[in-house]
Structures are given as structure tokens and as C-alpha cells.
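Q: This is the structure, below, for whatever I ask next.
The values are calculated or read from the model by the stated rules, or taken from the named source; none is laboratory data. Treat the numbers as computed from the prediction; the structure is a model and nothing was measured. Quick reminder, even Gly has a Cβ in these numbers, built from the backbone with ideal geometry, and neighbours come from all protein chains shown. The protein model used for the area step is the full one, side chains on, heavy atoms only, and it has no ligands, DNA or RNA in it. Shrake-Rupley method; radii C 1.70, N 1.55, O 1.52, S 1.80 Å.
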Amino acid sequence: MNYPVIPIAVLEVASKQRKRQAPKGRRVDPTALADVQRLLGTESRQADLLIEHLHKIQDHFGHLSAGHLAALAQEMRMAQTEVYEVATFYHHFDVVKEGEDAPAALTVRVCDGLSCEMAGARDLLDRLPALLGREVRVIAAPCIGRCEQAPAAVVGQNPVPNATCEAVMATVAAKASTHTPESYTNFSDYQSKGGYALLKQCVSGERDVESVLKTMEDSGLRGLGGAGFPSGRKWRIVRAEAGPRLMAINIDEGEPGTFKDRVYLERDPHRFLEGMLIAAWAVGIEKIYIYLRDEYHGCRAILETELDKLRKAPPMAGMPDIELRRGAGAYICGEESAMIESIEGKRGMPRLRPPYVAQVGLFGRPTLEHNFETLHWVRDILEKGSDWFASHGRHGRKGLRSFSVSGRVKNPGVKLAPAGITIQELIDEHCGGMLDGHKLYAYLPGGASGGILPVSLNNIPLDFDTLQPYGCFIGSAAVIVLSDKDTASDAARNMMRFFHHESCGQCTPCRVGTAKAAHLMEQPKWDLPLLADLSLVMRDASICGLGQAAPNPMDCVVKYFPQEL
């Protein structure tokens, strides 16, 4: 019998295929696998916990080695590429490739955001490496949400407000664990002051859903994370969708200049939690996910402690499950759909819409997405009535706004003021005026993406819809004040460097546009026609608000500060 002749190359391939006993990719080291199994313990290996598990490894070892990533992939039954692409997406994960040295055991992050840059962050970055030595890594970090404490730094997980070289060195020497604010209203204190009584009225039927929805609608409360969508209307929209419904709460406030959520959370966490549970009751939510930015280590400790108390003594029957999820250093996750992708354990890349999050959100379910501060106001509005909230305001506007004020003022901080207040009134009435020797020159009314306005426009009411005619918007009400010792062009350069650093890279207009704009803006003379073309393309073709709003500071400099160019 004549047998077919099989080429040697084919036989070699078949032999290799028979010998392969493990999946393609890096073989898992038994020691690394034992490390991962020990750290994860009995916790679920479900895919949406990938970022949580990456944090466990990063916190324990100070970095993510190739061996541990491969072991985690096997333990979670995921492809190694899936784990690697997520780990390398987020700034706070230090992925160490084969043959690379691990970073220093301790990292000092010095904020180089605009407020901190004006307060001397560059001097800290220049001097600290030599003072701390090679055992400590010093790196620049985008805004860390402590603009009122500028310049701010973080040693490990410990914030250093109004940082000096001496203060940073002392914190390094102390080797302290995470700092947790001690003075805040805890569960028992909150209940003793009437806390959760309103929620109990709702659950018992003393207040019905329709009356609660109408009060929220009549109050005029809008989303306070930046988009400004009417809150009561959002509750109705999600409630009308078929269940099960989920809820996602955004405490990732990464907009440079914004820190209001952190301040309120450090003072009165249960006011927010009660508002959250009332919203969940009214909309019919089955599970709640709280997404907290990684820089807020103290706030995370507070929430973990108080949520544990809440679970042990639930103020309502059938309280929804509540999961606290930890960000990993990505400004883009402030965008609602990017946040949802991150909660699902993926890279934080914005989704194309429609469908909208209210219809197809977390895990494909209708999702009520809210900013922290929006829920912070629910109890006051329902107890005091819609007219109470709407009665505040100035210059024809209605409501209250929490302004995060930083920069060249005597008393920076969170300022609760009437919606529609002007920048001049805000500085004079709430901030103690400008710093001695400084005169108001310009201001950013809405953080990095809200644009820059000159002192000649210091009488514009600060609120939703009032700043758009000037090429700006209020966003999350992050106000950064510049003086005659600053330039708007330098501020715009700082903002564009930030946008370039934080672009998720998904769409070309934002990825390439921010890089090109940042380069052009560093030149002695700006190429105005080319910058105008870049602005147009980024606004029209970017997938999400980061790329669409990134040109705002640049365009405002061209429009209002031509003398600087």
C-alpha cells in the first residue's frame, strides 16, 4: 500500500501542537500563582473584579510583575492580554516588564495641576529627588483633588497639604499608613440628628414615590458632576425602564480644580448615603456601585467603615447591595460610560451613544448614574421642600452651588453660594478677597475644560447655561483664580498637557489633537490657523467630552488674551 508522503514541516507543527499542554503566552510561575491566590483569598474571581484584584497585588508588592499578571489571568480564567491591557491603561498601576527593575518601594506624587503649579509644585519636583534619595520615587501627578491645599503631594497613600520639602520628608520618615479624617459625622451621630428618618418615611409609605419625584423635579436640582441633567427627570426615565435596574455613583472627580465631593464626604458621608438609598427606593434599584477615585484613600476608609455599619443595621428592609469600587488613576473615568466600563473591570473608554446609560448601562442593564453632590442634596430638598432649594439664587438664577475655589485668593475651599453669583462676588464675599499684592486677571469658571475668562468679564452669573455664549461652561463649578502675576497662556498650556496625558486614546481627534495642540502651544509663537483647525476637528469628531472640551482654554486665550500671543 502506498502511503501519502507528509512533509517534515507539517509533522513538526503537529508535534508541537500535541506537546502544548498550557495556553499560549507566558507560563505561570507556581510561586507567583501562590502569591495571587493568597492575596485574593476566598473572594470571587468574576471578571468585573479585575481592577480590585490588581489593586491588591499593587498594594502588597508595590508594582505588578509580569509573573503576577500571568498568574492573575489564570486564576480569573482570563486571557493574559485582557489583564495586561487593563493594568497598563491606568496610571496608578506600575507594570514591570520582564527584565525591568521594580520602582522604589515608596512613591511621592507631587500634583502639577494648575493651582499647585501656581503655588510652587515645580520647585518641589526639582528639589525632592535629591533630598529623598534613590529609595523614594518622586513623580509629577495630575490633579489629586486637593487644590485648596496647593501645593499638594501624596506620600504613598498619605496626603501632604500645603506641601513643603520639609513636610514631605517628615511624612516619608514617619512611614504612616493611610491617613483617615477623624472628625466626621458617623452612623450613630447621623441617626441621633434625625438621619435616615426620611428614608424610613419613604419605605413605610408615609411618602409615596410620585410625591418624591415631583419634589425633585420642582426643585430644579440638576446633575452636579458637570453635565447638569435634571435629576428628577433622570429618576423618571430610569424608573420607566424594565428591571433589574442598577445604580452607579461617580466620586471620581478628576477635573482639575474640583474637590467639593471629597470635602463633603470627609464631613458627612451619611447625608450622601441616605440620598443614595432614597434614589434607589424611588427608582427601584437592585444594586448600587460607588466608584471612588484612587487618590481619596482617607475617604475610602471612611466609606468602608460606615458602609459596614449600614449593612449591620440597615435603615430599610431589602436594602440594595452596595459595592465600593476603586478607581486607578484615570480622569476619563469621570465620564459616565467610561466609569461604567471601569466598574466592569475594563479599560475606562467611553462608549458610543445611543444607547444611553439610562437604557443600557452597567452589565447591559438600565442604570441610574449620579454625581456624589447631587445625592448629597436629596435629604435637604425633600425635608425642606422644592421651594427651599429654588428660592436661593442670584441674578435671575435658582438654586445653590458648591464652588471649589482655588488659586490666588486668601481663603480657598468649598464655598456654598447662590447659583448665579459672579466671580467678583464670590471672591469678595466668600474668599476674603485676592491674596495681598495680587489683582484679579482671569479665572477658570469650570475647571480645566471650562475655558478661561478675563477680569473684564467678572460680572457673568456663574451657573448652567450662562457661560456658553462666552465659549465656557460651569461644569462642576471648579473655579481657579488667576492674578496679574499669572498668564492665561501658561494656564492653557498646563490644561492641554493634562488633556494629552489623560486622553484614553480611543479616538484619533482627541489622542492626536491634544498631543499636537500641546506641542504647538509650547512654541514661542502660536500657529493660530493650525490651532483653529485642530479645535474644530476635536470638537466635531471626538467621542466624548474630554476631546470636545479640551480646546476651550486654548480658544479662550486666542479670543480674550491676544496680547499674550
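Q: What share of the DSSP beta bridges in the chain is antiparallel, in percent to the nearest 5?
A: On the way: 20 of 51 bridges.
Rounded to the nearest five, the antiparallel share is 40 percent.
Q: For region 534-565 and region 396-423, what is the centre-to-centre distance using only Cα atoms, to the nearest Å?
A: 25
Q: For region 47-149, what is the convex hull volume of the alpha-carbon atoms per residue, in Å³?
A: Details: hull volume 11.7 nm³, N = 103.
Each residue corresponds to 113 Å³ of Cα convex hull volume.
Q: Which GluC sites (Glu not before Pro) does region 190-239 hold that lie in a coil by DSSP with at most 13 other beta carbons within 10 Å?
A: The qualifying sites are Glu206.
Q: If amide H atoms are built 1.01 Å from N in the plane of the peptide, which residues on other chains or at least 5 residues away come under 5 Å of the amide H of Asn371?
A: Leu224, Gly225, Asn250
Q: Explain nothing, just the number: dipole magnitude of region 125-214 about its Cα centre with +1 on each Lys and Arg Cβ and -1 on each Asp and Glu Cβ, in debye rounded to the nearest 20.
A: 180
Q: If one computes the Cα centroid of region 474-528 and of region 31-100, what distance in Å separates the two points?
A: If you average the Cα positions of each part, the centres end up 34 Å apart.
Q: Applying the Karplus parametrisation 6.51 cos²θ - 1.76 cosθ + 1.60 with θ = phi - 60° to the phi angles of region 162-167, what ³J(HN,Hα) value in whole Hz is obtained for each residue in order, glycine and proline being reported as x?
A: Couplings: 6, 5, 10, 4, 5, 5 Hz.
Q: Quote the Stokes-Einstein diffusion coefficient, in whole µm² s⁻¹, for region 204-304, based on the Kirkwood radius over alpha carbon pairs, a temperature of 25 °C and a viscosity of 0.890 mPa s.
A: D, rounded to a whole number, is 165 µm²/s.
Q: State whether region 155-226 is rounded, prolate or oblate according to the following rule on the C-alpha gyration tensor (a ≥ b ≥ c being the square roots of its eigenvalues): a/c under 1.5 gives rounded; otherwise a/b larger than b/c gives prolate, and the remaining case gives oblate.
A: Prolate shape, in that a/c is at least 1.5 and a/b is the bigger ratio.
Q: Let me ask you something else. Explain nothing, just compute: Karplus ³J(HN,Hα) = 6.51 cos²θ - 1.76 cosθ + 1.60, θ = phi - 60°, for every residue of region 464-469 in order, whole Hz, x for Gly and Pro.
A: 4, 6, 9, 9, 4, x
Q: Dipole magnitude of region 291-420 about its Cα centre, charges +1 at Lys/Arg Cβ and -1 at Asp/Glu Cβ only, in debye to the nearest 20?
A: Values: 21 positive and 16 negative charges, 102 e Å.
With only Lys, Arg, Asp and Glu charged at Cβ, the dipole is about 500 debye.
Q: Same structure, new question: Could you derive backbone 3J(HN,Hα) for region 542-556 from the dihedral phi with the Karplus parameters 6.51, -1.76 and 1.60 (θ = phi - 60°), listing whole Hz in sequence and x where the residue is Gly or Pro?
A: 6, 6, 10, x, 4, x, 5, 9, 4, x, 3, x, 4, 5, 5
Q: Quick one: which residues, 5+ away or cross-chain, put their amide H under 5 Å from the amide H of Tyr441? H built at 1.01 Å from N.
A: For Tyr441, the qualifying residues are Leu482, Ser483, Asp484.
Q: In the chain, with Lys and Arg counted as +1 and Asp and Glu as -1 at Cβ, which of these residues, Thr31, Ala105, His430, has the Cα nearest the positive end of the dipole, that is, farthest along it?
A: The residue sitting farthest along the positive end of the dipole is Thr31.
Q: Two decimals is fine: what is log10 I(q)/I(0) at q = 0.14, 0.18 Å⁻¹ for region 373-453, from a Debye sum with one equal scatterer on every Cα and no solvent?
A: With one equal scatterer per Cα and no solvent, log10 I(q)/I(0) is -0.54, -0.82.
Q: Considering only protein heavy atoms and a probe of 1.4 Å, how much of the accessible area of region 84-207 is carbon and sulfur, as a whole percent?
A: 47
Q: Roughly how compact is region 319-453, stated as its Cα Rg over 2.2 N^0.38 Å to two decimals?
A: In units of the globular-protein estimate, region 319-453 measures up at 1.33.
Q: Determine the share of region 227-343's accessible area contributed by carbon and sulfur atoms, expressed in whole percent, with a 1.4 angstrom probe.
A: Of the solvent-accessible surface of region 227-343, carbon and sulfur hold 48 percent.
Q: So, one more: In the P(r) worked out for the chain, what percent of Cα pairs fall beyond 30 Å? Intermediate values should be presented prior to the final figure.
A: On the way: 86521 of 159330 pairs.
Cα-Cα pairs of the chain separated by over 30 Å account for 54 percent.
Q: How much accessible area per residue does the chain have, counting only protein heavy atoms and a probe of 1.4 Å, in square angstrom?
A: 42
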